Amino acid sequence: QQHLQQEGGGAASAQSHLCVTGLPAGLTDERFQEVMAQYTRMKWAKVISTSTATADGQLESVGMVEAETAEDAKWAFDNLNGNLASGLPGHSRPLAMRFVSSQEAASLLGGGGTQSGTGGNSAAAVPAGAAARYAPY
């Protein structure tokens with residue numbers, strides 16, 4: 001069986017982490033998980049910012065996803081990047097996705113721990129390390 005390595009898609013082809021922008025401002029972890037579950041099998045999905053200003057002055061949320069496999073991440077990227085996601089009624093901004101390394105994902109998630117402020121839902125706190133995994137369903 002062949003592995004996806006530095007071939008064609010470069011380093012991104014072997015990565016399972018995606019950063020997602022263009023999400024509606026104020027998006028919850030739960031809604032983001034529901035939306036992403038329509039497009040990929042994932043270990044976890046987390047909103048890392050709910051009010052990031054875009055170049056045109058609009059506010060958006062930014063999310064991070066770790067897919068089960070690099071192939072799952074690639075499928076989500078191929079089918080969502082530049083498109084509208086189902087499950088976000090009234091939202092008209094296309095999503096922008098990019099592959100990130102596990103190190104960059106950990107950095108975006110806060111460096112060495114979890115994001116807080118999710119109302120005590122322990123499932124929403126995502127470890128930055130690879131040792132602990134979270135499955136939303």
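Scanning segment 87-100 for residues that are assigned to a loop (DSSP other than H, G, I, E, B) and open to solvent by 40 Å² or more (accessible area, probe 1.4 Å) yields 89, 90, 91, 92, 93, 94. Remark: residue 103 matches the filter, which requires a residue to be without any contact (Cβ under 8 Å) to a residue 40 or more places away in the chain and closer than 16 Å to residue 15 by Cβ.
Contact annotation: residue pairs with Cβ atoms under 9 Å, 6 or more positions apart or on different chains, pairing a residue in segment 53-69 that is farther than 25 Å from residue 102 by Cα with a partner that is among the β-branched types (Val, Ile, Thr) and surrounded by fewer than 21 Cβ atoms within 10 Å (Cβ to Cβ), are 59/50; 59/52.
Taking segment 38-81 as the range and being of a type in the set (A, V, I, L, M) and either open to solvent by 60 Å² or more (accessible area, probe 1.4 Å) or in a strand (DSSP E or B) (or both) as the test, the residues that pass are 42, 45, 47, 48, 53, 55, 59, 62, 64, 65, 67. Filter segment 25-37 down to the residues that are among the aliphatic types (A, V, I, L, M) and in a loop (DSSP other than H, G, I, E, B), then identify the one that is surrounded by the most Cβ atoms within 10 Å (Cβ to Cβ). Once the filter is applied, the top-ranked residue is 27.
Residue count for segment 82-121, restricted to those that are under 15 Å from residue 50 (Cβ atoms) and at pLDDT 85 or above: 3.
Residue-level analysis places residue 84 among those that are in contact with a Pro (Cβ under 7 Å, 6 or more places away or on another chain), open to solvent by 70 Å² or more (accessible area, probe 1.4 Å) and either over 16 Å from residue 24 (Cβ atoms) or of a type outside the set (S, T, N, Q) (or both).
Pairs are defined by a Cβ separation below 6 Å, a sequence spacing of at least 6 or placement on different chains, a first member in segment 26-51 that is free of Cβ contacts under 8 Å to residues at least 60 places away in the same chain, and a second member that is part of a strand (DSSP E or B) and exposed (fewer than 15 other Cβ atoms within 10 Å of the Cβ); the pairs so defined are 51/59.
The values are calculated or read from the model by the stated rules, or taken from the named source; none is laboratory data. Everything numeric in this text was worked out from a predicted model, so none of it was measured. Please note: Cβ atoms are built from the backbone with ideal geometry, for glycine as well, and neighbour counts cover all protein chains shown. Remember, those area values only see protein heavy atoms, side chains included, never the ligands or the DNA or RNA. Shrake-Rupley method; radii C 1.70, N 1.55, O 1.52, S 1.80 Å.
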